[in-house]
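Take a look at the structure set out below.
The values are calculated or read from the model by the stated rules, or taken from the named source; none is laboratory data. In this text, all values refer to a predicted model and were calculated from it rather than measured experimentally. Here the Cβ positions follow ideal geometry from the backbone for every residue, glycine too, while neighbour counts run over all protein chains shown.
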Amino acid sequence: MNQRHHSNNILLNLGIESLNEMQEAAQETILNDNNVLLLSPTGSGKTLAFLLPILEMLQPEIISVQCLILVPSRELGLQIEQVWKKMGTEYKVNVCYGGHSIDTEIKNLSNPPAVLIGTPGRIADHIDRGTFRTDKIQTLILDEFDKSLQLGFHEQMSFIIGKLTKLNKRVLVSATSDIEIPKYTRVVNPTILDFIPENEQETNLSTKLVVSKERDKIGSLFNLICSLKSESAIVFCNHRDAAERISDTLNEKGIYSTYYHGGMDQDERERALIQFRNGSVSYLITTDLAARGLDIPEMNHVIHYHLPSKEDEFTHRNGRTARMLATGTAYVIAHESEKKADYINYGMEVFNLEETVSLPKPPHYQTIYISGGKKNKLNKIDIVGFFSQKGKLEKGDLGLIEVKDFISFAAVKFNKVKDLLHNIQDEKMKGKKFKIEVARKVIKKEEES
């Protein structure tokens, strides 16, 4: 059966009439070149762009993994698997990721798939255990590679790539163009296919200048936050102690905020993000640590309390807003005494602060801490059930629930917290008594009092 006819069938299975320009180019380049960097916006059909050439390279007589696809998240892995299955090839595919039963995965791998998809941590674990052979893997795809770097999977990826001794093709896929390729990928002088539109960065982001009358800009920040109609925002500053000082000052003035920086331990950082994600605090005061790869919802407002030294950091910070089709605003707070940044056009629109301001509405939710998690056999459904039945919460009273290994956090409507804690104080969840209380805020001031 000739390839052309073969791929027509596949397009038919996928319900697509023809490939787009990016997919055509990618297919040809991946088949012919050994190192490829494919840059293309999210949602442009990248998955198919690399799955079609993979299919042509697979050899039916090899009963072993031939292509490894590393992905930053479980969701992306499952999505790629769906596309492969829809293509209707004769080749087996499997997905491995943390949180999935390792025994099931080992059983799946005992009859090896031709295409293996997985997150770096879980794939490294399997290579460590020797659950599949790596000596027939000729193609490596690093999808959403920019995200994997942001999430810090360097060690695992370096370990995995070091074990793939027979690789002859490497494809990096990214949705952002200013990506530095680490040495361990061994991708040297790749053929670059850049399909990211020039103006995509600028489209929906507007930048506004806020002129601070005082040299200490905290008053201007306070007024700016009060004029954002109670919508949440991220505030970027350049130093850890500034992040803490600003957050403490805002809290004293009645604005619910928390700080986030590299000097905090992992647990505290996670706690700050959870409270921001679930709407228990509306303002995150952070260093550039939060400019990349954080799992937080998209913001309408990014505020630069200090400007970073380099333009690309400025761009990364602004990437927290106006993604995809949404719009967003970046505010630059400046005092005349400050050194001007050469990459900023100070002729931008000035955002005039109102003198009389009212505080933003307090957050809708409060975060409840639960002293058990996945390893204690708790899941979201258990918590929802317990809080609704024993805690007498209505459907709309519960927000985001996050279950970690040994602890969990649930967002509960502010005005329902007292009754909830009263109702469940003597109750057991899944036959066990857990400590359930209002999660402490990451604010030193309160802990001392």
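Values computed for the structure shown
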quantity: Residue match in segment 356-364 (condition: more than 30 Å from K416 (Cβ to Cβ) and either surrounded by fewer than 17 Cβ atoms within 10 Å (Cβ to Cβ) or among the polar types (S, T, N, Q) (or both)); calculated: yes
quantity: Tally, over segment 40-98, of residues that are within 20 Å of I160 (Cβ to Cβ) and of a type in the set (K, R); calculated: 1
quantity: Among residues of segment 43-78, those that are among the polar types (S, T, N, Q) and over 22 Å from the mean Cα position of the chain (by Cα), counted; calculated: 3
quantity: Selection count, segment 38-52, where residues are surrounded by 22 or more Cβ atoms within 10 Å (Cβ to Cβ) and out of contact with any Phe, Trp or Tyr (no Cβ under 8 Å at 6 or more places or on another chain); calculated: 5
quantity: Residue in segment 154-162 that is in contact with a strand residue (DSSP E or B) (Cβ under 6 Å, 6 or more places away or on another chain) and assigned by TED's automatic domain parsing to the domain that holds S64 present; calculated: no
quantity: So K86, is it in contact (Cβ under 8 Å) with a residue 60 or more places away in the chain, surrounded by fewer than 21 Cβ atoms within 10 Å (Cβ to Cβ) and basic (K, R); calculated: yes
quantity: First in segment 363-376 and more than 15 Å from S232 (Cβ to Cβ) and among the aromatic types (F, W, Y), second anywhere and at pLDDT below 95 and not in a strand (DSSP E or B), Cβ under 6 Å, 6 or more apart; calculated: Y369/A439
quantity: L205 being within 24 Å of the chain's Cα centre (by Cα) and either crowded, with 21+ Cβ neighbours inside 10 Å or modelled with pLDDT under 95 (or both); calculated: yes
quantity: Selection from segment 407-432 of residues that are closer than 18 Å to G372 by Cβ and aromatic (F, W, Y); calculated: F409
quantity: Pair list, Cβ under 7 Å, 6 or more apart: segment 407-426 residue in contact (Cβ under 8 Å) with a residue 40 or more places away in the chain, other residue aromatic (F, W, Y); calculated: F409/Y369; A410/F387; A411/Y365; V412/Y365; K413/Y365; F414/Y365; L420/F387
quantity: Residue list for segment 98-129, restricted to those being in contact (Cβ under 8 Å) with a residue 60 or more places away in the chain and within 19 Å of the chain's Cα centre (by Cα); calculated: G99
quantity: Hits in segment 241-272 (condition: touching a helix residue (DSSP H, G or I) at 6+ places or on another chain (Cβ under 9 Å), assigned to a helix (DSSP H, G or I) and closer than 24 Å to P308 by Cα); calculated: E244, R245, I246, D248, T249, L250, R269
